[in-house]
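One structure is given below, encoded as structure tokens.
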Amino acid sequence: MRFLSRRLVMPNDLNFAGSLFGGRILEWIDEEAYIFAACQLEAKSLVTKHIGAISFETSAYQGDVVEFGLGVKKVGRTSLALTCVVRNKQTKQNICVADDIVFVHIDPATRKPEAHGKTKAELESIKIETPE
């Protein structure tokens, strides 16, 4: 699992109880997973098809920095399934795990599924540049 991006929990991200709103974290997961999938497949024409099991494990609070770990779970002919772990940057405690996030590559004109042309072996061999 590669932890590639981070976000700061701000006041407008909080629910009535003062912790990170579940809807906000799901929005972030969808966005981060799309960016990861688009970079892996070198394609922009992707749509979220499915998000499977979501497990909230601990809370995040204002001022916490959360980081997103993403990994390829399965590669189909037109699809890519990912797993995302969101954790507290400082404590390394998992905040949320979203499993089986499926993106489908589509033809931008017809909006129909289209083969992306990548294999799991190709995707696993991609080196991701990380800031020093």
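For I25, what accessible surface area do you get with a 1.4 Å probe? Give it in Å², rounded to 10.
I25 exposes around 0 Å² with every protein chain in place.
Ranked from the most accessible area to the least, with a 1.4 Å probe and all protein chains present, what is the order of L8, L26, L70?
From most accessible down to least: L8, L26, L70.
About the Cα centre of the chain, what is the dipole size in debye to 20, counting +1 per Lys and Arg Cβ and -1 per Asp and Glu Cβ, all else neutral?
240
Once fully extended, how much extra length lies between M10 and D100, figured as 0.36 nm per residue of separation less the alpha-carbon to alpha-carbon distance?
Between M10 and D100, full extension yields an extra 29.6 nm.
Could you pull out every one of the aspartates and glutamates with an alpha carbon less than 16 Å from that of K74, ignoring same-chain neighbours closer than 8 positions?
Straight-distance partners of K74: D99, D100, E122, E124.
Given H placed on each backbone N at 1.01 Å, which residues far from K49 in sequence or on other chains put an amide H within less than 5 Å of it?
Amide H neighbours of K49: V102, F103, V104.
Choose one of V47, I95, S79: the residue whose Cα lies farthest towards the positive end of the charge dipole of the chain (beta-carbon charges +1 Lys, Arg; -1 Asp, Glu; about the Cα centre).
In the chain, that residue is S79.
Which whole-number value in Å² is the accessible area per residue of the chain, probe 1.4 Å?
Value returned for the chain: 58 Å² of accessible area per residue.
Ranked from the most accessible area to the least, with a 1.4 Å probe and all protein chains present, what is the order of K112, K92, K118?
So the residues, ranked largest to smallest area, are K112, K92, K118.
Beyond a 25 Å Cα-Cα separation, which of these cross-linked pairs lie in this structure: K44/K118; K44/K89; K92/K120; K89/K120; K92/K118?
Distance filter (> 25 Å) returns K44/K89; K92/K120; K89/K120; K92/K118.
Could you sort R2, R77 by accessible area so the largest value comes first, with the probe set to 1.4 Å?
Result of the area sort, largest leading: R77, R2.
For the chain, just list the percent of Cα-Cα distances falling in each 10 Å bin from zero outward, please.
12, 42, 30, 14, 2
The values are calculated or read from the model by the stated rules, or taken from the named source; none is laboratory data. These figures come from a predicted structure and were not determined experimentally. With ideal geometry, Cβ positions are generated from the backbone for all residues, glycine too; neighbour counts draw on all protein chains shown. Only protein heavy atoms, including side chains, enter the accessible area calculation; ligands, DNA and RNA are left aside. Shrake-Rupley method; radii C 1.70, N 1.55, O 1.52, S 1.80 Å.
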